[in-house]
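Peer 1: What follows is a single structure, and I will ask about it in a moment.
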Amino acid sequence: MAHAERGMSAPPEVVFNTAIDPDRAAAWLPEPLRLDGGRRPELVSVEQMRATWYSDSAPDWSAEILVEPVDAGGARVRLDLAGVDADGLAEETLANLAREVADNLTAG
């Protein structure tokens with residue numbers, strides 16, 4: 001399992017809502033987790049801002065994020081990514097999510 005952590009300059013609620021938006025999932029989730037189409041996370045805790053994705057077509061793969069507020073008004077995102085060669089994808093996956101969050105904020 002690969003782990004990555006990244007700060008984002010957006011409110012935690014915006015980061016979390018962007019992450020769980022099925023229309024944005026294909027832009028940031030690793031390809032094995034996108035194979036089943038636009039994915040909604042299977043386990044979500046809005047109160048804890050935690051979500052987990054699984055794939056029916058790639059059962060070895062899963063992703064779990066935890067979004068936490070930081071003092072400066074932004075968010076810290078922690079990602080646990082499981083799958084073949086997941087180690088190289090964890091940082092890239094969070095970078096993709098950061099781009100989606102920035103696009104979401106720009107779009108209004």
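Peer 1: In the list V14, V46, which residue meets the criterion of being β-branched (V, I, T) and touching a residue at least 40 places away in the same chain (Cβ under 8 Å)?
Peer 2: On the way: V46 fails: touching a residue at least 40 places away in the same chain (Cβ under 8 Å).
After ruling out the rest, the residue left standing is V14.
Peer 1: Name the one entry in D103, D71 that is outside any loop (DSSP other than H, G, I, E, B) and exposed (fewer than 13 other Cβ atoms within 10 Å of the Cβ).
Peer 2: D103
Peer 1: So, one more: Can you name the residue in the range 75-95 that is outside any strand (DSSP E or B) and either β-branched (V, I, T) or open to solvent by less than 10 Å² (accessible area, probe 1.4 Å) (or both) and is also modelled with the lowest pLDDT among such residues? Talk me through it step by step, then tell me what you get.
Peer 2: The first filter runs over the range 75-95 and keeps only residues outside any strand (DSSP E or B), leaving 83-95.
This time we only want the ones that are either β-branched (V, I, T) or open to solvent by less than 10 Å² (accessible area, probe 1.4 Å) (or both), so: 84, 86, 90, 93-94.
Values: V84: 83, A86: 86, A90: 95, T93: 96, L94: 96.
Only one residue fits best here, namely V84.
Peer 1: Kindly list, by first and then second residue, each pair from a residue in the range 62-74 that is touching a residue at least 24 places away in the same chain (Cβ under 8 Å) to a residue that is assigned to a loop (DSSP other than H, G, I, E, B) and open to solvent by 50 Å² or more (accessible area, probe 1.4 Å), limited to pairs with Cβ atoms under 6 Å and residues at least 6 apart or on different chains.
Peer 2: Hits for this filter: G74/S9.
The values are calculated or read from the model by the stated rules, or taken from the named source; none is laboratory data. Bear in mind that the values here come from a model prediction, so they are computed numbers and not experimental data. Positions of Cβ are backbone-derived with ideal geometry, glycine not excepted, and every protein chain shown enters the neighbour counts. To get the accessible areas, we keep the full protein, side chains included, count just its heavy atoms, and leave off ligands, DNA and RNA. Shrake-Rupley method; radii C 1.70, N 1.55, O 1.52, S 1.80 Å.
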